[in-house]
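See structure below.
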Amino acid sequence: MTIRLVLLGRQGSGKGTQGARLAVHYGIAHISTGDMLRSAIKNATPVGKAVKEIIDNGGLVNDELMGSLVQGRLGEPDARTHGYLLDGFPRTLPQAIALDDIARARPINVVVDLEVPRELVIERLTARRAAEQRADDAPEAVERRLALYEEQTAPLIAHYRKQGVLAVVDGVGSPEDVFARMVSAIVNATGITAPGGDGRTSR
C-alpha cells in the first residue's frame, strides 16, 4: 500500500532531516517545496527570480504558485505510484484546501505535526546561519517566518485534526528518538508499516 504524508513544523524543527529519513524508510518521494524553490533560485528560472526576494525577506510564496508547483510534482510517476512526503506544503489554510482537492483521488494518510518550542528553533537556526550563512536564516527573516507560522500555518493543525488525520509528535531529543516517535505515530494513525527490504509499504 502506498503512503501519503504531510509534515508540519516550525522552520528549524528538523522537518528536512526527519522528512528525508521517513521517505527512505517508506520508499516514497521526499517532496520539499523549500528545495524546489531554492533550486529554482539557484538556476535563475522565472519562478526563482520571482520568489528570491520574498524568501530572503522571510515571506511566503503565494498560494496559487505553490499549489501549481505541488500539483505538478504530485502528478509525476514516483509520487503517484509509491506515495510521497510533503515538506513545506501546505503552509496556509487556502493551500491545505487546495491540497485536499489535488489529493482527492488519493487522499493524505496522515499529517505529522513536529512540535519544537520556538526558543529551541531560534537557537538551531542561529547555529545554522553561522555554519551555512543562509540568507533565509538571518535573524529578521527567522522572526518573520516564525510569526507567519503562528499566524498562517498553525490553523492547519485544527483543519487536519477535524479531518482525523493529525498526529502530533514531540520533536525534542536526538534525531533517532524523534524518528522513532514519528514512525510510531504514523503506524498508530494509519496501520501502515515499512517491510524490510523492498522499500514498499504494506498494511
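Answer yes or no as to whether GLU64 is free of Cβ contacts under 8 Å to residues at least 60 places away in the same chain, surrounded by fewer than 18 Cβ atoms within 10 Å (Cβ to Cβ) and not basic (Lys, Arg).
yes
For the stretch 1-42, name all the residues that are buried (at least 17 other Cβ atoms within 10 Å of the Cβ) and polar (S, T, N, Q).
If the condition is that a residue be buried (at least 17 other Cβ atoms within 10 Å of the Cβ) and polar (S, T, N, Q), then THR2, GLN11, SER13, GLN18, SER32, THR33 are the ones that fit.
With the checklist (1) in contact with a strand residue (DSSP E or B) (Cβ under 8 Å, 6 or more places away or on another chain); (2) surrounded by fewer than 18 Cβ atoms within 10 Å (Cβ to Cβ) in hand, flag the one item THR45 doesn't pass.
Failed condition: (1).
Look through the stretch 130-159, keep the residues that are surrounded by fewer than 17 Cβ atoms within 10 Å (Cβ to Cβ) and basic (Lys, Arg), and return whichever of them is modelled with the highest pLDDT.
Checked the stretch 130-159; the qualifying residue modelled with the highest pLDDT is ARG144.
Are there any pairs, at least 6 apart or on different chains, whose C-beta atoms fall under 6 Å, with the first in the stretch 1-29 and of a type in the set (Val, Ile, Thr) and the second surrounded by 23 or more Cβ atoms within 10 Å (Cβ to Cβ) and outside any strand (DSSP E or B), and if so, which?
ILE3/TYR26
Could you check the stretch 89-143 and list, in sequence order, the residues that are under 28 Å from ARG73 (Cα atoms) and among the basic types (Lys, Arg)?
Matches in the stretch 89-143: ARG91, ARG104, ARG106, ARG134.
The values are calculated or read from the model by the stated rules, or taken from the named source; none is laboratory data. If you're wondering where the values come from, they're calculated on a predicted model, not measured in any experiment. Neighbour counts run over all protein chains shown; Cβ positions are idealised from the backbone, glycine included.
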